[in-house]
Amino acid sequence: MHLDAPLRVDGLGDIAVDVAWGGMFYVLADADRLGIDLSAENGAQVVRMSERILAAAKDQLPVVHPENPDITGPTITFLGATPVDPKTHGRCAVSVSSGGYDPTRPDAVPGALDRCPCGTGTSAKMAVLHARGLLDVGEDYVNAGPLGTTFTGRIESLTEIAGRKAIIPSLTGQAWIYGTSQYMLDPTDPFPEGFTVGDIWA
C-alpha cells in the first residue's frame, strides 16, 4: 500500500515506513535506523515505540482493503532489523496493541511483544521485499523473532487483488509438543452439543 512513506512520529520525528497486507495491515519500520534493540529483554521499549509508530500511521497513512471496505488499518507494527544469525535473512519484533499509544503516558507499555517471528508479519515483509525487487518467486526468506526462533517464508506465486499486485506466500516453522489433552463424549450424555444457563451470573 505504501513504500518509504514519510511519517511524523511523536518522540521520533520524521521516519520512513512501508504499509503492507499480510493477513492484517502492517506498518513496517527499520529498527536499526531508529536505534531500537529488538531483543526480548527490550520488549517494553519495542512495544512503546511500535505503538507510537502505529498511532501516527493510523492518522497519516490510513488504508482500506481493496476487496473489503470493512477492513482498515494499519492495525499492527512490524519492526525489522539486520539479522544477527547468518542463517537468517531478517529479524523482527511485532507487538500486539492493548489500547494504543497515549501521549499523556509516554512510559506506559500499551501492548505485548510477540515472541515469534509472526506469520502474517513475515508475509507482509515478503510482499514489501518483492515490491522492491529484493525477493522473487521461489526464494526463501528466513525471519527471526525476538527469541531467535524462525519462520521460513517463500513466495509461491504472484497474483492480483482488485488490480493490486500481490504475492501468495507459504510459511514453515517448528513447534514442540508440551502436553496432550483428551476429551470424551459419552453416548448417554443428555447434552452432546453443550448447554447454556442464561441466569448463571444473575
| said: Against the definition (among the acidic types (Asp, Glu), more than 15 Å from the chain's Cα centre (by Cα) and surrounded by 14 or more Cβ atoms within 10 Å (Cβ to Cβ)), how does GLU160 come out, yes or no? | reply: no
| query | Any residue at all in the range 32-39 that is modelled with pLDDT under 95, of a type in the set (Lys, Arg) and either in a helix (DSSP H, G or I) or over 26 Å from HIS130 (Cβ atoms) (or both)? | reply | no
| query | Take the residues of the range 1-17 that are touching a residue at least 60 places away in the same chain (Cβ under 8 Å) and in contact with a Lys or Arg (Cβ under 9 Å, 6 or more places away or on another chain): which is surrounded by the most Cβ atoms within 10 Å (Cβ to Cβ)? | reply | MET1
| field | Residues located in the range 90-125, provided they are over 15 Å from ILE53 (Cβ atoms) and assigned to a strand (DSSP E or B) | value | GLY90, ARG91, ALA112
| said: Being among the hydrophobic types (A, V, I, L, M, F, W, C), in a strand (DSSP E or B) and out of contact with any Lys or Arg (no Cβ under 6 Å at 6 or more places or on another chain) is the filter here; which residues of the range 71-84 pass it? | reply: ILE76, PHE78, LEU79
| said: touching a Leu at 6+ places or on another chain (Cβ under 6 Å) and over 22 Å from GLU156 (Cβ atoms): is that true of ALA81 in this structure? | reply: yes
| task | All but one of (1) part of a strand (DSSP E or B); (2) under 27 Å from ALA55 (Cβ atoms); (3) at pLDDT 95 or above hold for VAL128, so report the exception by its number. | result | (1)
| message | Every residue in the range 129-146 that is of a type in the set (D, E, K, R) and either touching a residue at least 24 places away in the same chain (Cβ under 8 Å) or surrounded by 14 or more Cβ atoms within 10 Å (Cβ to Cβ) (or both), please. | response | ARG132, GLU139, ASP140
| request: Please enumerate the residues belonging to the range 149-202 that are of a type in the set (Phe, Trp, Tyr) and assigned to a strand (DSSP E or B). | output: PHE151
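Inspect all residues belonging to the range 81-90 and state whether any of them is closer than 24 Å to LYS165 by Cα and touching a residue at least 60 places away in the same chain (Cβ under 8 Å). Steps first, please.
Taking the range 81-90 as the starting set, the residues that turn out to be closer than 24 Å to LYS165 by Cα are 89-90.
Subsequent filtering for residues that are touching a residue at least 60 places away in the same chain (Cβ under 8 Å) retains none.
Among the residues of the range 81-90, not one is closer than 24 Å to LYS165 by Cα and touching a residue at least 60 places away in the same chain (Cβ under 8 Å), which makes the answer no.
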| task | For the range 84-128, name all the residues that are out of contact with any Leu (no Cβ under 8 Å at 6 or more places or on another chain), under 27 Å from ASP10 (Cβ atoms), of a type in the set (A, V, I, L, M) and crowded, with 19+ Cβ neighbours inside 10 Å. | result | LEU113
| (1) touching an Asp or Glu at 6+ places or on another chain (Cβ under 7 Å); (2) under 22 Å from LEU54 (Cβ atoms): which one isn't true of SER170, the others all being true? | (2)
| query | Within the range 48-70, how many residues turn out to be acidic (Asp, Glu), assigned to a helix (DSSP H, G or I) and surrounded by fewer than 19 Cβ atoms within 10 Å (Cβ to Cβ)? | reply | 1
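The values are calculated or read from the model by the stated rules, or taken from the named source; none is laboratory data. No experiment lies behind these values; they were computed from the predicted model shown. Note that each Cβ is placed from the backbone with ideal geometry, even for glycine, and that neighbours are counted across all protein chains shown.
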